[in-house]
Amino acid sequence: MRAKFTTFSRIIRTGMVNFVRNMWLAIAAMAIMIVTLTIILFSVIVNATFSNTVQQITNKIDVSVYLKDSVTPAQSQSLVGQLKSLPAVQHVRYLSKEDALKQYEAQNVGNTQLLQAINETDNPLPATIKIKPRTLNDIDQIRAFIEKPDTAKLQSDPASDSGDRREAIAKITHATNILRRVGAGAVVVFAVISVLIIFNTIQMAIFNRRDELQIMRLLGASTSYIRGPFVVETIIYGIFSAIISVLIINAVFVTASSSLQATSFGLLDISYSQSFFENRYWELLLIQLALGIFIGAASSIIATRRYLKFKTPKR
Amino acid sequence: MYYQPVWRLAKHIVIIVLMILLDRVTKTYNKNLGPALDRVSLHVEPKEFVIIVGQSGAGKSTLLKLLTREERPTSGKIIVGGIDYDKLRDRDIPLLRRKIGVVFQDFKLLPNRTVFENVAFALEIVGVSTKEINNTVPKVLDIVNLKGKEKRMPMELSGGERQRVAIARAIVRQPKVLIADEPTGNLDPKHAWDVIKVLEKINKYGTTVLLTTHNQEVVNRLRRRVVTIDHGRIASDKARANYTSATIAVDIAAAKK
């Protein structure tokens, strides 16, 4: 137990010493890792912002079904129940004639003439079912259900939806999807490049120390004792790179908020991005640390593998 | 154990009694060139001092590489200090090497570490505490007559001194077997003899020593068991031998008949 602790602390210390000794190699490897992690963090934020934008737009869409005055409460309850059971439906809200009137009045508070005219007649507004689809494309399914003769005969007017806005929303969704895919592609490409470069860096470090490794092997050092310092070294790369990448994004937001007056940049809602980043600061830092440590450790483990094999061909 | 046949029991006893056992060991690197070692059998008892002589390419180095498990034999059995190499898994190789001390012709010291650190290195990698290292290393450096040179770098030492550092590193873990592969190969006669004297001292303390050398003077002055290898075979095996290149040639000629 004690020997294990001694060995462990020696591995850590050797890794740190090697990190300092190979400073230039370390800087090269860290630079590419920082770029990668920054791009990953950036795309995570952009992705969240786009999701938020699309979500907000989608939330504004609903389908309204207007019921005839002759429809009994039982009929309307069963219709609401059926709608609720549809997979395409996220949310159903039933407005009775009185509710509809109240809402109408609330929407037209300033317009005293109109309100007066309505109050003079017997409530002209129909009972309404407001249906919120899960996604944009679910509207079609909901419409199909509403237009079935069974349900259609209960309705006073054809159902209305935000059909005119639909095309614009579809375009926005399409554009954000493309941007997301490009972002994901960039993330993958940079992650691969980063792993390759770190991999090469470690191989260079190993090449510089191949005599030492050979001697360690001949003296009976275990694989983990030889590999450990390299893994520690690359984990240090990962930790530094993760912290620096978060700081870079932080700096971008600080300069953006002071120099850019606008709160959004094309499709990108910068104020949302910023609040997303600030609310999840520690969470994002933790994710970055995990990613950096993973990339570092994985590449050094793979890079040392070849040099640590025992030469035991059976002929 | 009780139901085993007698010959099996005998084998166990042999394993316990012998430090090194090679039984018809053959090593072939390249089938077109013939074997580097051809059915070599060798028994070494504990605390023995064995000198292995032979021309370059005779198979000395191959023999030592088989013992340190840098190479696997093509066929045959190797048992060192009770460890059967057939049953040795790759991940146990480090454990085997911790039990065998090895000294190389080219020293294989770490150039960027002091004498003390080079010797301490062998203990560090097996997890010995710093306190124990500080306690043990000076004693071992004393054995190899390098007291007072702890803080020198290998570059500042003579060849003989460097080789003694390497020996200190090999024996600091108190191995049962010390394998020295031409330790005097790069040294002048005076320094070579210093190194050999250290090996003799270690042997006196109870370590089995296996020494390969080209140096006739070393062989003659030591007057120990000498095993001659020629073309991958053991040409002669004599206790307390006295050798010249002529006698080696006679041995080889006799073996060929």
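Within segment A:192-220, can you find the residues that are within 14 Å of another protein chain (Cβ to nearest Cβ) and under 17 Å from B:Asn112 (Cβ atoms)? Before the answer, list the steps.
In the first step, residues of segment A:192-220 are kept if they are within 14 Å of another protein chain (Cβ to nearest Cβ); the result is A:208-220.
A:Asn208, A:Arg209, A:Arg210, A:Asp211, A:Glu212, A:Leu213, A:Gln214, A:Ile215, A:Met216, A:Leu219, listed by residue number.
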Exercise. Go through segment A:48-74 and give me each residue that's acidic (Asp, Glu) and surrounded by fewer than 16 Cβ atoms within 10 Å (Cβ to Cβ).
Key: A:Asp69
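If I go through segment A:88-146 residue by residue, how many of them are hydrophobic (A, V, I, L, M, F, W, C), in contact with a strand residue (DSSP E or B) (Cβ under 8 Å, 6 or more places away or on another chain), without any contact (Cβ under 8 Å) to a residue 60 or more places away in the chain and closer than 30 Å to A:Ile172 by Cα? Spell out how you get there, then give the answer.
Initial filter on segment A:88-146 (hydrophobic (A, V, I, L, M, F, W, C)): A:88-89, A:92, A:95, A:100-101, A:106, A:109, A:114-115, A:117-118, A:125, A:127, A:129, A:131, A:136, A:139, A:142, A:144-146.
Okay, now just the ones that are also in contact with a strand residue (DSSP E or B) (Cβ under 8 Å, 6 or more places away or on another chain), so A:88-89, A:92, A:95, A:100, A:127, A:129, A:131, A:139, A:142, A:146.
Subsequent filtering for residues that are without any contact (Cβ under 8 Å) to a residue 60 or more places away in the chain retains A:88-89, A:92, A:95, A:100.
Then drop every residue that is not closer than 30 Å to A:Ile172 by Cα, which leaves A:88-89, A:92.
Of the residues in that region, 3 qualify.
Of all residues being within 30 Å of B:Arg89 (Cβ to Cβ), surrounded by 12 or more Cβ atoms within 10 Å (Cβ to Cβ) and not hydrophobic (A, V, I, L, M, F, W, C) in segment A:262-314, which is modelled with the lowest pLDDT? Just the residue, please. Please lay out each step first, then the result.
Going through segment A:262-314, the residues within 30 Å of B:Arg89 (Cβ to Cβ) turn out to be A:294, A:296-314.
This time we only want the ones that are surrounded by 12 or more Cβ atoms within 10 Å (Cβ to Cβ), so: A:294, A:296-304, A:307-308, A:310, A:312.
Then drop every residue that is not not hydrophobic (A, V, I, L, M, F, W, C), which leaves A:296, A:299-300, A:304, A:307, A:312.
Numbers: A:Gly296: 89, A:Ser299: 87, A:Ser300: 88, A:Thr304: 86, A:Tyr307: 78, A:Thr312: 52.
Residue satisfying both the conditions and the ranking: A:Thr312.
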Quiz item: Out of segment B:81-119, which residues are more than 10 Å from chain A (Cβ to nearest Cβ) and among the β-branched types (Val, Ile, Thr)?
Solution: B:Ile83, B:Val103, B:Thr114, B:Val115, B:Val119
Exercise. Please verify whether segment B:46-54 includes one or more residues that are surrounded by fewer than 17 Cβ atoms within 10 Å (Cβ to Cβ) and within 13 Å of another protein chain (Cβ to nearest Cβ).
Key: no
Quiz prompt | Check on B:Ile78, touching a helix residue (DSSP H, G or I) at 6+ places or on another chain (Cβ under 9 Å) and within 13 Å of chain A (Cβ to nearest Cβ) | solution = no
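Filtering segment B:142-167 down to residues that are in a helix (DSSP H, G or I) and aliphatic (A, V, I, L, M), which residue is surrounded by the fewest Cβ atoms within 10 Å (Cβ to Cβ)? Break it down into steps so the answer makes sense when it comes.
Here is the first cut: in segment B:142-167, the ones in a helix (DSSP H, G or I) are B:142-143, B:154-156, B:159-167.
Subset that is aliphatic (A, V, I, L, M): B:143, B:155, B:165-167.
Values: B:Ile143: 17, B:Met155: 9, B:Val165: 25, B:Ala166: 26, B:Ile167: 26.
So the residue we want is B:Met155.
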Quiz item: What do you reckon, is A:Ala31 aliphatic (A, V, I, L, M), farther than 17 Å from A:Phe199 by Cβ, without any contact (Cβ under 8 Å) to a residue 12 or more places away in the chain and in contact with a Ser or Thr (Cβ under 9 Å, 6 or more places away or on another chain)?
Solution: no
Exercise. Check off (1) crowded, with 18+ Cβ neighbours inside 10 Å; (2) farther than 21 Å from A:Ile293 by Cα for A:Phe253 and give me the number that stays unchecked.
Key: (1)
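Show me the helices (runs of 4 or more DSSP H) found entirely inside segment B:168-257 where at least 1 residues are modelled with pLDDT under 90, surrounded by fewer than 22 Cβ atoms within 10 Å (Cβ to Cβ) and among the polar types (S, T, N, Q).
Working: elements: B:189-204, B:216-222, B:245-256.
Correct list: B:216-222, B:245-256.
Return the only residue of A:Gln82, A:Gln77 being more than 14 Å from every other protein chain (Cβ to nearest Cβ), exposed (fewer than 14 other Cβ atoms within 10 Å of the Cβ) and under 23 Å from A:Ile139 (Cα atoms). Quick ask: steps written out before the conclusion?
Values: A:Gln82 fails: exposed (fewer than 14 other Cβ atoms within 10 Å of the Cβ).
When all the criteria are applied, what remains is A:Gln77.
B:Leu22: crowded, with 19+ Cβ neighbours inside 10 Å, touching a residue at least 24 places away in the same chain (Cβ under 8 Å) and out of contact with any Ser or Thr (no Cβ under 9 Å at 6 or more places or on another chain), yes or no? Let's see the steps before the verdict.
On the way: crowded, with 19+ Cβ neighbours inside 10 Å: yes; touching a residue at least 24 places away in the same chain (Cβ under 8 Å): yes; out of contact with any Ser or Thr (no Cβ under 9 Å at 6 or more places or on another chain): no.
No.
Across segment B:67-98, which residue is surrounded by the fewest Cβ atoms within 10 Å (Cβ to Cβ) among those that are within 14 Å of A:Leu218 (Cβ to Cβ) and out of contact with any Gly (no Cβ under 6 Å at 6 or more places or on another chain)? If you could, list the steps in order and put the result at the bottom.
So the first thing to find is which residues in segment B:67-98 are within 14 Å of A:Leu218 (Cβ to Cβ), and the list is B:67-71, B:93-98.
Still in the list and also out of contact with any Gly (no Cβ under 6 Å at 6 or more places or on another chain): B:67-71, B:93, B:95-96.
Details: B:Leu67: 23, B:Thr68: 19, B:Arg69: 23, B:Glu70: 18, B:Glu71: 21, B:Ile93: 20, B:Leu95: 14, B:Leu96: 17.
Selected residue: B:Leu95.
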Quiz prompt | Residue under evaluation A:Ser51, criteria (1) more than 14 Å from chain B (Cβ to nearest Cβ); (2) closer than 30 Å to A:Ala205 by Cα; (3) touching a Lys or Arg at 6+ places or on another chain (Cβ under 9 Å); (4) not aliphatic (A, V, I, L, M), criterion not met | solution = (2)
Quiz item: Among A:Ser224, A:Ser258, which is within 14 Å of chain B (Cβ to nearest Cβ), in a helix (DSSP H, G or I) and among the polar types (S, T, N, Q)?
Solution: A:Ser224
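The values are calculated or read from the model by the stated rules, or taken from the named source; none is laboratory data. As the structure is a computational prediction, the values presented were derived from the model and not from experiment. Cβ: placed from backbone, ideal geometry, glycine included. Neighbour counts: every protein chain shown.
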